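Student: First the structure, which I've put down as structure tokens, then a few questions once you've had a look.
The values are calculated or read from the model by the stated rules, or taken from the named source; none is laboratory data. This structure is a prediction, so every number in the text was calculated from the model and none was measured. Cβ sites come from the backbone with ideal geometry, for glycine too, and all protein chains shown count toward neighbours.
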Amino acid sequence: MKPVNKLIQQDGAIQDRAIFWDEDIYQKEMEEIFARCWLFLTHESIIPDEGDYQSTMMGEDSVVVARQKDGSIKAFVNSCTHRGNAVCFSDGGNAKSFTCPYHGWVFGMDGNLVDVPLEKQAYHNEIDKDALHLKKIRVESYKGFVFGTFDDEAPSLKDYLGGMAWYMDSFMDVPGGCELIGPPMKSILDCNWKNPTENFIGDGYHVGWAHASALEIAGGPLAIAKGNAVYDAETSGLQVTVPEGHGFGVIWEGAAALHGGPVFEAYQKWLDDRSPLIREKMGEHREKFYRGHWDAAIFPNCSFLYGTNTFKMWQPRGPHSIEVLTWTLVEKEMPDQLKQMIHTDNMLTFGTAGILESDDGENMEQCTQTNRGYSTRQGTLYLGMGKGHEYLDPELPGLVSKGWVNEAPQRGMYRRWAEFMEGKPWSELSTTAQLEQKKVGG
Ligand code: FES
Ligand code: FE
């Protein structure tokens, strides 16, 4: 593997193509990024009752996340400590325990080994069941969104989110909070996991072009962006990157704007009715973010579009493939009918066969697969749009850029990628708090 400073250059603007293809880089990502970062597991609303569980992946590790008797949430690796078999073969459900189908060891919903067949006769009662629990995962929840990490040294989830949490509160901290509608739709894309993360974190540039036809069919107010016919960098929106590697772009007044017809009208009315509450609770900045449409990503592989209501995980399956998990993001206090309308629209736009998802999938796959060519792979790629025009805003966390067409969040993502891949300890990783110091001249 080349040195990291050769893989990512010019503050994230230049990427060596090998990072989208090489197996050794991918394995290093598993070690330095996926075994350390907080990774989204599920939402509390999906496992509300004792015994509810979901199985998912952290990197390429199969894991189970489950609601406990005391209401807490625990997660553990889905691999039996006897011979390694999976103990849970289902995507989710409700259970009292998990029984390994190979030799019958039984694990409780907390991952502890509770029963072993022939314990007396064959193990002579000498087996140390306490030591043979499933590998446990550190779990924390932010406003109902449940994340896990394998790294005991990782900061709290709140600190990991850094300045992004302040922005996400605009919709996560509304009265009643948010929830996800599942089970997630699932599909396979033959692309590297970073292609969709960089797309969602800040690629407003492709919207008017790659989605021109889909925008017309969707028919919402955002359809005016097709073919880049309408774009004003000064007034249309912002892009934000925080040092923790997360970021987003916002189109002002766009929250409902990708929905067409009755969905747009019902959702817009909901936003109008709720806005005074948001302003009262969180101030006018976050009311503005609440009413905007966001493309966003939480480093490394969780993405969402607030407004189009799609919430996704890009789960790596080797360097050239991912499994996409798609939920629908709604406010908990929305009427059921509105939730259902939004959910249907999400399936039509960003579900497995959604019209916008199909546009993106084709492009992302080719962005990875062209690097199959040895000579192609020797080159680099360029994310220099708006470089040098980011600024510190006294009232907004992170680095801010004008307009929603920019590449600053992608550069931020690759700067973070490089920090992790250099193997830096948490104490040496950049933080929003350090950036805030600069504002006060520290
Ligand atoms: Fe699970 Fe043997 S592998 S009981
Ligand atoms: Fe897209």
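Student: Taking only the range 193-228 into account, find how many residues are under 21 Å from residue 56 (Cα atoms) and over 15 Å from the mean Cα position of the chain (by Cα).
Tutor: Residues flagged as under 21 Å from residue 56 (Cα atoms) and over 15 Å from the mean Cα position of the chain (by Cα) within the range 193-228 amount to 0.
Student: Regarding residue 64, is this residue assigned to a loop (DSSP other than H, G, I, E, B), crowded, with 22+ Cβ neighbours inside 10 Å and in contact with a Phe, Trp or Tyr (Cβ under 6 Å, 6 or more places away or on another chain)?
Tutor: No: the conditions fail for residue 64.
Student: How do the pairs read when you match residues in the range 377-404 that are under 15 Å from residue 201 (Cα atoms) with residues anywhere that are β-branched (Val, Ile, Thr) and in a loop (DSSP other than H, G, I, E, B), using Cβ under 8 Å and keeping only pairs 6 or more apart or on different chains?
Tutor: 385/405; 398/242; 399/242
Student: Let me ask you something else. Condition (residue is of a type in the set (D, E, K, R), over 30 Å from residue 26 (Cβ atoms), more than 16 Å from ligand 2 (Cβ to nearest atom) and out of contact with any Asp or Glu (no Cβ under 6 Å at 6 or more places or on another chain)) applied to the range 76-89: is it met by at least one residue?
Tutor: Taking every residue of the range 76-89 in turn, none turns out to be of a type in the set (D, E, K, R), over 30 Å from residue 26 (Cβ atoms), more than 16 Å from ligand 2 (Cβ to nearest atom) and out of contact with any Asp or Glu (no Cβ under 6 Å at 6 or more places or on another chain).
Student: For the range 64-87, which residues satisfy the criterion of being more than 21 Å from the chain's Cα centre (by Cα) and either outside the structural domain of residue 136 (by TED's automatic domain parsing) or within 19 Å of residue 48 (Cα to Cα) (or both)?
Tutor: 67, 68, 69, 70, 71, 72
Student: List pairs: first residue in the range 86-113 and among the small types (Gly, Ala, Ser), second residue surrounded by 13 or more Cβ atoms within 10 Å (Cβ to Cβ) and modelled with pLDDT under 95 anywhere in the structure, Cβ distance under 9 angstrom, at least six positions apart or on different chains.
Tutor: 92/182; 92/183
Student: Which condition number in (1) over 30 Å from residue 419 (Cβ atoms); (2) more than 16 Å from ligand 1 (Cβ to nearest atom); (3) not basic (Lys, Arg) is the one that residue 32 fails?
Tutor: All conditions pass for residue 32, except number (1).
Student: Next question, about the same structure. Yes or no: the range 286-305 includes at least one residue that is touching a strand residue (DSSP E or B) at 6+ places or on another chain (Cβ under 7 Å), under 22 Å from residue 409 (Cβ atoms) and assigned to a helix (DSSP H, G or I).
Tutor: Yes: one or more hits.
Student: Would you confirm whether any residue within the range 312-324 is within 14 Å of residue 214 (Cβ to Cβ), buried (at least 20 other Cβ atoms within 10 Å of the Cβ) and over 18 Å from the mean Cα position of the chain (by Cα)?
Tutor: No.
Student: Condition check: surrounded by fewer than 22 Cβ atoms within 10 Å (Cβ to Cβ), more than 16 Å from ligand 1 (Cβ to nearest atom) and assigned by TED's automatic domain parsing to the domain that holds residue 368. Does residue 156 satisfy that?
Tutor: No, not satisfied.
Student: Within 16 Å of ligand 2 (Cβ to nearest atom), within 20 Å of residue 222 (Cβ to Cβ) and surrounded by fewer than 23 Cβ atoms within 10 Å (Cβ to Cβ): which single residue out of 261, 307, 254 fits that description?
Tutor: Exactly one residue qualifies, and that residue is 254.
Student: Quick one: is residue 79 surrounded by 18 or more Cβ atoms within 10 Å (Cβ to Cβ) and not β-branched (Val, Ile, Thr)?
Tutor: yes
Student: What tally of residues in the range 348-380 results from selecting those that are out of contact with any helix residue (DSSP H, G or I) (no Cβ under 7 Å at 6 or more places or on another chain) and of a type in the set (D, E, K, R)?
Tutor: 3
Student: Of all residues in the range 77-119, which are more than 10 Å from ligand 1 (Cβ to nearest atom) and hydroxyl-bearing (Ser, Thr, Tyr)?
Tutor: If the condition is that a residue be more than 10 Å from ligand 1 (Cβ to nearest atom) and hydroxyl-bearing (Ser, Thr, Tyr), then 90, 97 are the ones that fit.
Student: Of these, 421, 413, which one is among the aliphatic types (A, V, I, L, M), surrounded by 20 or more Cβ atoms within 10 Å (Cβ to Cβ) and closer than 29 Å to residue 182 by Cβ?
Tutor: 413
Student: Let me confirm something: among 199, 228, which residue is within 13 Å of ligand 2 (Cβ to nearest atom) and either in contact with a Ser or Thr (Cβ under 9 Å, 6 or more places away or on another chain) or farther than 17 Å from residue 357 by Cβ (or both)?
Tutor: Just one listed residue meets the conditions, 199.
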